[in-house]
Amino acid sequence: MDRFDTAILSALQRDGAQTNAALAEVVGLSASQISRRRAALEDASIIEGYSAHLSPTRLGYGFRAIIRVNLRDHGQGREEDFARFVASQPMIRSAFSVSGDADYVLDIRARDLEGFADFVHRHLLPHPQVAQVRSEIVLKTLKDERGVPL
């Protein structure tokens, strides 16, 4: 990677829908050079894909919570079972295995407090591997950047 690749990645992080011609103007290369470099970045899996950034609030999902989960016990099969559960739940937008006082941290999006409570009581707490759940409701988002610092 060189400074041109970094400039391409930086521009695409801001707006992944940019055409090669638009990127060429920003980066200072021809559109054909951008096309080749972009394809190489995709082939190297540096660019994993493209997506639209949707407004959760405008789509009715303005409620956000962070849940810390502790499992009853650990083992390969048990953690894989919990991972499958997490993957199957659309309200869980991100999930992380973490160090510290929790085993997992989940980022949840719901329509409202009632929808969140329904998810916790009907899906998460009844899961056989879940021993403890601690929730924090997000009151205000100070920063929520996607991508990586370039």
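The values are calculated or read from the model by the stated rules, or taken from the named source; none is laboratory data. Remember, predicted model here, so these are calculated numbers, not experimental data. All Cβ positions, glycine included, derive from the backbone under ideal geometry; neighbour counts span all protein chains shown. Surface areas here come from the heavy atoms of the whole protein model, side chains and all, with no ligands, DNA or RNA. Shrake-Rupley method; radii C 1.70, N 1.55, O 1.52, S 1.80 Å.
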Kindly provide the helix-only [θ] at 222 nm of the chain, computed as the sum of -39,500 (n - 2.57) over DSSP H runs of four or more divided by all residues, to the nearest 500 deg cm²/dmol?
-10500 deg cm²/dmol
What's the carbon and sulfur percent of the chain's accessible surface, probe 1.4 angstrom, rounded to a whole number?
51
Computed label-point distance, nm, for sites Ser135 and Ser94 using a 7 Å Cα→Cβ extension:
2.0
Using distinct alpha-carbon pairs, which all enter the 1/r mean, Kirkwood radius of the range 47-96 in Å:
13.6
Which whole-number percent gives the relative contact order of the range 92-141, counting Cα pairs below 8 Å spaced six or more residues apart?
21
From the backbone phi of the range 104-116, what are the Karplus-calculated ³J(HN,Hα) couplings (6.51 cos²θ - 1.76 cosθ + 1.60, θ = phi - 60°) in whole Hz, Gly and Pro given as x?
9, 10, 10, 9, 10, 10, 9, 6, 6, 4, 5, x, 5
Determine the relative contact order of the chain: mean sequence separation of Cα pairs under 8 Å and six or more apart, normalised by residue count, in whole percent.
26
In whole Hz and in residue order, list the ³J(HN,Hα) couplings for the range 37-48 that follow from phi through the Karplus curve 6.51 cos²θ - 1.76 cosθ + 1.60, θ = phi - 60°; x for Gly and Pro.
5, 4, 4, 5, 5, 5, 4, 7, 6, 6, 8, 8
Measuring from its Cα centre, the chain shows a charge dipole (+1 at each Lys and Arg Cβ, -1 at each Asp and Glu Cβ) which, in debye to the nearest 20, is 340
Convex hull of the range 1-108 built on C-alpha atoms - directionally averaged projected area, nm²:
9.9
Extension length gain for Asp112 and Ala22 (0.36 nm per residue less Cα distance), in nm, is 28.4 nm
Would you please give the residues with an amide H less than 5 Å from that of Gln132, counting only those at least 5 places away or on a separate chain, with H modeled from the backbone geometry?
Asn70
Of the options Leu54, Ala44, Ser135, report the single residue whose Cα projects farthest towards the positive end of the charge dipole of the range 34-150 (beta-carbon charges: Lys, Arg +1; Asp, Glu -1).
Leu54
Across the Cα atoms of the range 86-129, what radius of gyration and what greatest pairwise Cα-Cα distance (Dmax) are found, in Å?
10.9, 30
Could you tell me how far the Cα centroid of the range 3-80 sits from the Cα centroid of the range 101-128, in Å?
26
Candidates Tyr50, Tyr61, Tyr104, ranked by Gaussian network fluctuation over the chain, Cα under 10 Å, top entry
Tyr50
For the range 32-150, dividing by residue count, accessible area per residue (probe 1.4 Å) in Å² works out to 69
